[in-house]
1. Decide, for the stretch A:54-169, between rounded, prolate and oblate: order the square roots of the alpha carbon gyration tensor eigenvalues as a ≥ b ≥ c, take rounded if a/c falls under 1.5, and otherwise choose prolate if a/b is larger than b/c, else oblate.
2. First obtain the Kirkwood hydrodynamic radius of the protein assembly as shown from its Cα pairs, then insert it into the Stokes-Einstein equation at 25 °C and 0.890 mPa s, and state the resulting D in µm² per second as a whole number.
3. Check cross-link reach from A:LYS312 to the aspartates and glutamates: straight Cα distance under 16 Å, and skip same-chain residues fewer than eight apart.
4. Please work out the FRET efficiency for the pair A:GLU363 and A:GLU103, using the Cβ-Cβ distance as r and a Förster radius of 35 Å; give the result to the nearest 0.05.
5. What's the lysine pair count for the stretch A:24-151 at a Cα cut-off below 20 Å, pairs eight or more apart or interchain?
6. Starting from 0.36 nm per residue, how many nanometres of slack lie between A:LYS355 and A:GLU37 once their C-alpha separation is accounted for?
7. Multiply the residue separation of A:ARG240 and A:ARG217 by 0.36 nm, subtract the distance between their alpha-carbon atoms, and state the gained length in nm to one decimal.
8. Please report, largest first and rounded to whole Å, the three semi-axes of the ellipsoid equivalent to the stretch A:181-225, where each semi-axis is the square root of five times an eigenvalue of the C-alpha gyration tensor.
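Nothing in this text is a laboratory measurement; each read-out follows from the coordinates by a stated rule. Bear in mind the structure is a predicted one, so any value in this text is a computation, not a measurement. A quick note on method: Cβ atoms are made from the backbone with ideal geometry, for glycine too, and the neighbour counts reach across all protein chains shown.
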Amino acid sequence: MATAGSELSNQSQPLWLLAELTYRCPLQCPYCSNPVEMAKYKNELSTEDWIRVMQQSRKMGATQLGFSGGEPLVRKDLEILIKEARSLGYYTNLITSGVGMDESRIVAFKEAGLDHIQISFQASNEELNNYIGGTKSFQHKYEMARLVKKYEYPMVLNIVLHRKNVSQIKDILDMTVDLNADYVELASTQYYGWSRVNIDQLLPTKEQLMHAESIAREYQEKMKDKMKIIYVIPDYFENRPKKCMNGWGNIFLTIAPDGSALPCHAAGQLPGLQFPNVRDHNVDWIWNDSPDFNKFRGTSWMKEPCSSCDEKHKDLGGCRCQAYMLTGDATNADPVCDKSPFHEKLHGDVERIAKLSGNKEFESKPLIFRNMKNSKEISNKKTPESV
Amino acid sequence: MELKNETILEIVPTFRVQWEEVQNCYVVLYPEGMVKLSQSAGEIMKRVDGKKSISDIIMDVSATFDGADVNEDVMKFLEVVYGNGWIRVK
Ligand code: SF4
Ligand code: SF4
C-alpha cells in the first residue's frame with residue numbers, strides 16, 4: 001500500500017498491541033509463558049496509563065489489541081478499557097482462561113464493544129484440565145464457551161499441547177466441535193518461561209507429534225467450512241527456525257503489567273535490555289527510537305552463521321530468547337537451525353527426554369506450577385544475571 | 001451458491017471492514033488478524049452494506065473509476081471474498 005507523504009512509510013508499525021494487564025491469575029499452568037520472575041512485577045499500570053498507551057499506539061497504526069495477562073478478567077476496569085479501545089477503532093481480543101467470567105460480564109463486554117473472545121482449555125477432560133491448570137475450572141470454562149457463542153462472539157479455543165495431553169488430541173478436537181468454535185489453536189508449548197522449567201515433563205515425543213499432526217489434518221479437512229484449525233508443531237523438531245514475532249520490533253508491541261515495553265512477551269529474560277516504560281516514554285519513541293526496539297531489528301546485529309546466510313531475510317535468525325537460553329548469547333543463530341553449532345546439543349536434549357519419557361519414575365517427577373510462591377523461590381535461587 | 005446481479009450482500013458479523021488512516025487503506029479485521037485491501041477492493045467492500053444489490057455496487061464503483069467497465073472485476077472479487085467467508089447473502 002502506498003502511504004505517500006507519511007513519515008512512517010518505510011518503517012515498521014506496531015500493528016499488534018498486546019496489553020498484559022496483570023500477572024495475577026487463578027490458574028497455575030506449568031507451561032505459562034509469563035516470566036518465571038513474575039513475582040517481581042508489582043505496581044500495575046492504572047486505567048489512565050492504559051488508555052494513554054492505547055491512544056498513542058493507535059495513532060501509530062495499531063489495529064489489533066489483545067487484552068491478556070495473567071488473567072485479564074482480574075482487572076476490574078476491563079470493561080472501561082474495552083470501551084475505550086473500541087471507540088479508538090481497535091479490533092479488541094480478550095485472551096482469557098474463562099475463570100472470573102460470568103454471563104453478566106459477557107453481556108457487559110458486548111455492550112462495551114468487545115469483538116472476540118479466546119478461551120484456553122488445558123485438556124478435554126475434567127481431571128487433566130483441572131490438574132494442569134492447578135484449579136477446578138473445567139465445567140466453568142465449558143459453560144463460558146457456550147455463553148460466548150450464545151452472545152455471538154467469534155470464538156477461538158486455544159489448547160496448549162505437550163506430552164501430558166497431546167495424545168488426547170482427538171478428544172480435544174471433538175470438544176471444540178461440540179463447543180462450536182470458529183477457530184482452534186493447537187499451540188505446541190514454546191520452551192521459555194515456565195515451560196522451560198518443566199521441559200522434562202512437557203516435551204512431547206516425535207511419535208506423539210506425528211500422531212497429533214495426522215489427526216489435526218483429518219479434522220482440518222472434515223471441518224473445512226465450519227472451523228479453522230491452526231496446528232503448530234514445536235520448532236525443537238525442525239531444522240529451520242520460525243521468523244519469531246514476525247521480526248523484532250516489526251509488528252508486535254507487548255506492554256507488561258508494570259508498563260515495560262517489549263518487542264515480544266518473552267523478551268523480559270534477555271540481558272542487556274533497558275525495558276523502556278510507558279510511564280516515562282511515549283509509544284512513538286519506544287517503537288522508533290529506543291535502543292531495545294532497534295537492538296535486533298533487521299539483520300545488521302547478526303553474527304555468523306546468520307550474517308552471511310542467504311536465508312537470513314526469511315527467518316531473521318529465529319527467536320532471540322531461544323538463542324539466549326540455549327547458547328547464552330542472544331545474538332547467536334536460534335539453535336533450531338541446523339547451521340547453528342548448538343543444534344546438535346539441542347537435539348541431544350530432545351533425544352534424552354524422548355528416551356526417558358514413558359519411564360515411570362521420570363514421568364512421576366512433579367510439575368512446577370506457575371504461582372507467586374514458586375516464582376519467588378526460583379527468583380531467589382537464581383544468581384543475579386550479569387547485564 | 002451463485003451470485004447474481006440482484007443479490008444483496010452483507011459483511012459476515014464476525015468480520016469488520018474499516019478505514020485505517022495510518023495504513024491509508026481499508027482493512028478487514030477478524031480475530032487476531034487483518035488483511036489490507038487494495039484501493040479497488042476497498043471501494044467494493046465498503047459498499048457491501050446489506051442494502052445494495054450487486055448491480056448497485058457495480059454502478060457505484062464504476063462511477064468512482066470514471067465510468068470504467070468494472071462488471072467482471074467486481075463479480076470476480078465478490079466471489080473470492082464470498083469463498084473466504086467475509087460476506088454472505090442477506
Ligand atoms: S497460561 Fe495458565 S497460568 Fe498462565 S496466564 Fe494463562 S491461564 Fe494463567
Ligand atoms: S543461519 Fe541464521 S539466518 Fe540462516 S537459516 Fe539459520 S537461523 Fe536463519
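1. Values: a/c = 2.32, a/b = 1.79, b/c = 1.30.
Prolate is the answer for the stretch A:54-169, as a/c is 1.5 or above and a/b outweighs b/c.
2. Working: Rh = 24.0 Å.
Approximately 102 µm²/s, per Stokes-Einstein.
3. Output for A:LYS312: A:GLU304, A:ASP334, A:ASP338.
4. Working: r = 40 Å, r/R0 = 1.14.
Here the calculated transfer efficiency is 0.30.
5. 10
6. Values: separation 318, 0.36 × 318 = 114.48 nm, distance 3.07 nm.
Once the chain is fully extended between A:LYS355 and A:GLU37, it gains 111.4 nm.
7. Details: separation 23, 0.36 × 23 = 8.28 nm, distance 2.18 nm.
Extra length available between A:ARG240 and A:ARG217 comes to 6.1 nm.
8. Details: eigenvalues 134, 40, 5 Å².
Semi-axes, largest first: 26, 14, 5 Å.
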